[in-house]
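Okay, so here's the structure we're looking at.
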Amino acid sequence: MALDGLKAGALLFVAAVIQVSILNSVTVLGGTPDFLLVTLCAVALLRGSIFGAVGGFFAGLVVDTATLDTMGVTALLFTLTGYWIGRYGETTGRRRQYAPVLSVGVVTILYAFAALLVRFMLGQGGSPERVLLDALPPSLLFNLLLALPVYWFCRWVLSLGPAREPVREVRLIE
Amino acid sequence: MSGRFSGPVKRRIVLGVLVVLSLILITVYFRESGGGALHNIQSAGSTVLRPFEIAATRIAHPFQDLYNYLRGLVNAKSERDRLQAELDRTRKRLIKLQFAAQQNKTLQSSLKYVSGPSFPRDYRPVTTEIISKLPSQFQQRVVIAAGSANGIHEDDPVVTADGLVGKVSKVASHQAQVMLLTDEDTAVSAVDIDTRAEGMVRHGHGPGTTLFLDKVPKSEHVALNNRIVTAGWHQGKLSSIYPKGIPIGIVSSASFPSTDLYASVQITPYVDFSSLDSVVVLVAKKR
């Protein structure tokens, strides 16, 4: 459990540093790949809601600290993201082949709306047109392309074996 | 904990604690001053993270160079660069001469005119590299590897050899956040050195780096390819945070709609914001 936590923490820390140092500067067709968000989704799917929430909180704090942004904003958004994806993984998602892609797709869209809302409430908002129409579609595409490779890599790092076949039937024991 | 609480309860407690903690952080950060405890913790944290960010930037640098090179090949990079460099040199020389000539003419025409402090004399440069950037869809800001320890203060102007980049918006001990000219919150008083028309340079709501020169009366005949520089005004003890004469951009479109009081002027900035690697912060010698 502790080793898992260390591995997940290291993954998220490296992803946060790569995101703020390198990927935030990469803008293609108006969008930016969110490697950290994709990594958080993968860790939460693989390790559940508590890992997701705690990992998201600390990854968000790293981002807020490194970018000198308002402390707690990214932490709040990533906490909710990690928890929600973790719950999806714990309930129905973990053994489904499409779970990483589906969760990254949904989270990318919801995260954009939530970030826009929170920043609007804090008086820091970018224009909705720019965030939702110009930046979101290419960012969504980049994140979807990253989803499976990052998920496989996280699964390998966290030493999780290959996904098992889902339970197809239930046998009652008398 | 697992003994006392069931799985779902434990999950909800963890989530609740983290959300409340985040909200407390946001509230305290907003309510305290720039020198408050949380800002100091953030400053210390950013100092700790700085080596990791610099390492990541340096590791990625060859790949970024390769990417830029391949992108440049498509656009006949070498030829464009040569011509661009030549054009930049000529343009900077021309702007400097024209601005000096205009300033000289104004001084001669009015004996009461008092010139403000000249740009190079009153500032000392702090050259630094860019180590991280905020998500571009929200705010056009970057973080530089120099801070209050280097004498940098909030609102210090930031430039490159090409022209104005923006201003310092937050300062930590060894890092500072720079609000770019393309941020929606940035506004710079500027002047067209060909017509002397004055206005405010802002960024529109759309994507891209095109800027707008606002509040230019239609009587000023701003034309295509006119050069826009910072106005650098002084009024009593107040003065613009930007020294005058820093190149901003070139007029890429000018129209005079009959339904509007002001001309609609678009500017293409001289600075290429997509490939900023390092910047120069102008630190005032006297404050």
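The values are calculated or read from the model by the stated rules, or taken from the named source; none is laboratory data. This one's a predicted model, so the numbers in the text were calculated from it and none came from an experiment. Cβ coordinates were reconstructed from backbone atoms using ideal geometry, including for glycine residues, and neighbour counts include every protein chain displayed. Please note that ligands, DNA and RNA were not included when accessible areas were found on the heavy atoms of the full protein model with its side chains. Shrake-Rupley method; radii C 1.70, N 1.55, O 1.52, S 1.80 Å.
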*For B:Arg202, what accessible area in Å² do you get when you roll a 1.4 Å probe over the heavy atoms of the protein chains, rounding to the nearest 10?*
90 Å²
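Which pairs in the list B:Lys92/B:Lys285; B:Lys167/B:Lys244; B:Lys92/B:Lys167; B:Lys244/B:Lys285; B:Lys96/B:Lys285; B:Lys167/B:Lys285 are over 19 Å apart, alpha-carbon to alpha-carbon? Could you put the intermediate results ahead of the total?
Numbers: B:Lys92/B:Lys285 24 Å; B:Lys167/B:Lys244 14 Å; B:Lys92/B:Lys167 21 Å; B:Lys244/B:Lys285 16 Å; B:Lys96/B:Lys285 22 Å; B:Lys167/B:Lys285 17 Å.
Where the Cα-Cα span goes over 19 Å, the pairs concerned are B:Lys92/B:Lys285; B:Lys92/B:Lys167; B:Lys96/B:Lys285.
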*If ligands, DNA and RNA are left out, what is the accessible area of A:Tyr98 with a 1.4 Å probe, given in Å² to the nearest 10?*
120 Å²
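From Cα pairs below 8 angstrom and at least 6 apart in sequence, can you work out the relative contact order of chain B, rounded to a whole percent? It would help to have the intermediate numbers written out before the result.
Working: 472 pairs, mean separation 46.5, N = 287.
Relative CO of chain B lands at 16 percent.
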_Heavy-atom accessible area per residue - region A:60-138, 1.4 Å, Å²_ = 40 Å²
*Find the relative contact order for region B:247-287 and round it to a whole percent, using C-alpha pairs within less than 8 Å whose residues are 6+ positions apart.*
35 percent
*Can you list the residues, at least 5 places off or on another chain, whose amide H is less than 5 Å from the amide H of B:Val283, using H built in the peptide plane?*
B:Arg124, B:Val126
*With the solvent-accessible surface defined on protein heavy atoms using a 1.4 Å probe, which residues belonging to region B:39-68 display a reduction of at least 50 Å² in accessible area in the multichain context relative to the isolated chain?*
B:Gln42, B:Leu49
_Net charge of Cβ neighbours under 14 Å - reference B:His61; Lys, Arg +1; Asp, Glu -1_ = -3
*What does the accessible area of B:His234 come to, in Å² to the nearest 10, when a probe of 1.4 Å is used?*
100 Å²
*For region A:35-118, with all protein chains present and a 1.4 Å probe, just round the carbon and sulfur fraction of the accessible area to a whole percent.*
72 percent
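What relative contact order, as a whole-number percentage, does region B:177-266 give when Cα pairs under 8 Å and 6 or more residues apart are counted? Before the final figure, lay out the partial values.
On the way: 194 pairs, mean separation 23.1, N = 90.
About 26 percent, as a whole number.
Just add up the charged neighbours of B:Gln42: K/R +1, D/E -1, any other residue whose Cβ is under 12 Å from the Cβ of B:Gln42. Before the final figure, lay out the partial values.
On the way: positive: B:Lys170; negative: A:Asp64, A:Asp69, B:Glu32.
The answer is -2.
Could you please put A:Tyr151, A:Tyr88 in sequence from largest to smallest accessible area, using a 1.4 Å probe? List each step's numbers first, then the result.
Numbers: A:Tyr151 20, A:Tyr88 50 Å².
Order by accessible area, largest first: A:Tyr88, A:Tyr151.
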*With label points built 7 Å along Cα→Cβ from the Cα atoms of A:Gln97 and B:Leu238, find their separation and express it in nm.*
6.7 nm
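Relative to the present Cα-Cα distance, how much length would full extension add between B:Asp272 and B:Ala100 at 0.36 nm per residue of separation? Write out the running numbers ahead of the final one.
Numbers: separation 172, 0.36 × 172 = 61.92 nm, distance 2.56 nm.
Additional length available on full extension: 59.4 nm.
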_Using θ = phi - 60° and Karplus 6.51 cos²θ - 1.76 cosθ + 1.60, couplings along region A:37-44 (whole Hz; Gly, Pro as x)_ = 4, 5, 5, 4, 4, 5, 5, 5
*Return the carbon/sulfur percentage of the accessible area of chain B, one whole number, probe 1.4 Å, all protein chains in place.*
58 percent
*asked:* Just to be sure I understand: if you take the accessible area of chain B alone plus chain A alone and subtract the pair, with a 1.4 Å probe, what total do you get in Å², rounded to 100?
replied: 4200 Å²
